[in-house]
Amino acid sequence: APPPLRRACVAVGSNLGDRHSNVVRALKSLQSRGDVRVVRTSHLRETAPMYVTDQPPFLNGAVEVETYLGPRELLGRLKEAERECGRAKDGSSDGVKRYGPRLVDLDIVLYGTEGGD
């Protein structure tokens, strides 16, 4: 039997370049293989950076997705979408390390609720 359809909440953010376009591009990339579908999106909000505060403000939001992928596979798809949008494999953008500026950031906030309404 196929795995159950699961819902997950994914945080999205960007603080470099055209932040809105970066988020849109990341979500398109995330859905490009057909194994993840965005069901709902929040409004995007501008937020101050945390930890490393000497950087531009972030545009952040959240999306609800449906997927048959397990949590590790979904995380892999998020990282793949980040790389397709220009984020370096080590998680940095333009040589900046953890908590620094980034073209796009995708993180699982909640995973595992059964699909369907």
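None of the figures in this text is laboratory data; all of them are computed from the coordinates on show. Just so it is clear, the model here is predicted, and its values are computed rather than measured. Backbone-built Cβ (ideal geometry, glycine too); neighbour counts: all protein chains shown.
About the Cα centre, and with charges only on the beta carbon of Lys, Arg (+1) and Asp, Glu (-1), how big is the dipole of the chain? Nearest 20 debye, please.
For this selection, approximately 160 debye.
Could you tell me which of rounded, prolate or oblate describes the stretch 1-111, using a ≥ b ≥ c as the square roots of the eigenvalues of the alpha-carbon gyration tensor, with rounded for a/c under 1.5 and, failing that, prolate when a/b is larger than b/c and oblate otherwise?
The shape class here is prolate.
Subtract the Cα-Cα distance of residue 99 and residue 53 from 0.36 nm times their separation in residues, and report this length gain in nm to one decimal.
That pair, residue 99 and residue 53, stretches by 15.7 nm at full extension.
Calculate how steeply helix 19-31 sits against the longest principal axis of the alpha-carbon atoms of the chain, using the helix alpha-carbon long axis, and give the answer as 0 to 90 degrees to the nearest 10.
30 degrees
Around residue 13, with a cut-off of 15 angstrom between Cβ atoms, what is the net charge of the other residues, counting Lys and Arg +1 and Asp and Glu -1?
Its environment carries a net charge of +2.
For the chain, what does -39500 (n - 2.57) per DSSP helix run (n ≥ 4), summed and divided by total residues, give at 222 nm, in deg cm²/dmol to the nearest 500?
Here the helix-only value at 222 nm equals -7500 deg cm²/dmol.
Test of the criteria: in the stretch 32-72, which chymotrypsin sites (Phe, Trp or Tyr not before Pro) are in a DSSP loop and have at most 10 other Cβ atoms within 10 angstrom of their Cβ?
51
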